[in-house]
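We did not get these values from a lab; they are worked out from the coordinates using the rules stated. Please read these numbers as outputs of a predicted model, since none were measured by experiment.
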């Protein structure tokens with residue numbers, strides 16, 4: 001039944017929501033501290049829905065940066081979504097085309113990780129994916145709204161500390177639940193090592209994208225060699 005699929009997807013998204021609530025709260029609090037009105041804080045979560053992009057946008061707005069600079073910076077930061085979309089698209093051949101724009105908009109690092117893990121094990125309907133992605137989206141918007149409402153009582157340092165703790169904890173959890181095979185563990189170790197090497201040797205924020213591309217290329221090559 002469609003509703004049962006939606007509820008199953010929503011249940012799967014609970015770990016993401018538990019991470020998004022404090023992260024979203026930190027974003028809303030930082031936006032409030034930066035002097036951004038509450039309606040705009042909520043609107044950004046509703047229309048942008050990109051955690052790192054929103055944090056960067058808030059910091060640049062607080063610093064007085066221009067619109068073009070903010071747009072270009074957030075665009076470059078979120079280029080990794082091209083890689084995630086290309087990877088996830090191989091599992092969505094049977095999904096109705098009218099649903100794909102919604103899934104594309106709701107796609108994040110965390111929902112991508114969970115969705116890929118689920119779709120590798122079994123076929124899932126678009127109702128399940130809408131439940132998973134939509135619940136994560138709702139959790140982020142709720143966290144940002146609460147942060148915008150009550151974030152004024154916190155300092156910038158407290159909001160940043162909350163963000164960093166929640167972000168690391170959520171990604172560690174998502175990584176652990178994906179490590180179901182030795183080859184996935186090996187890929188995670190290689191990606192982490194390459195990220196560190198690129199971070200130390202290449203200026204800018206390209207190290208994650210480069211490590212992802214290199215690890216994915218290596219994985220595809222090894223899979224083809226084995227077959």
The alpha-carbon center of the stretch 42-115 and that of the stretch 122-146 are separated, in whole Å, by 14
Across the stretch 43-107, what fraction of all alpha-carbon pairs, as a whole percent, falls in each successive 10 Å bin from zero upward?
18, 44, 26, 11, 2
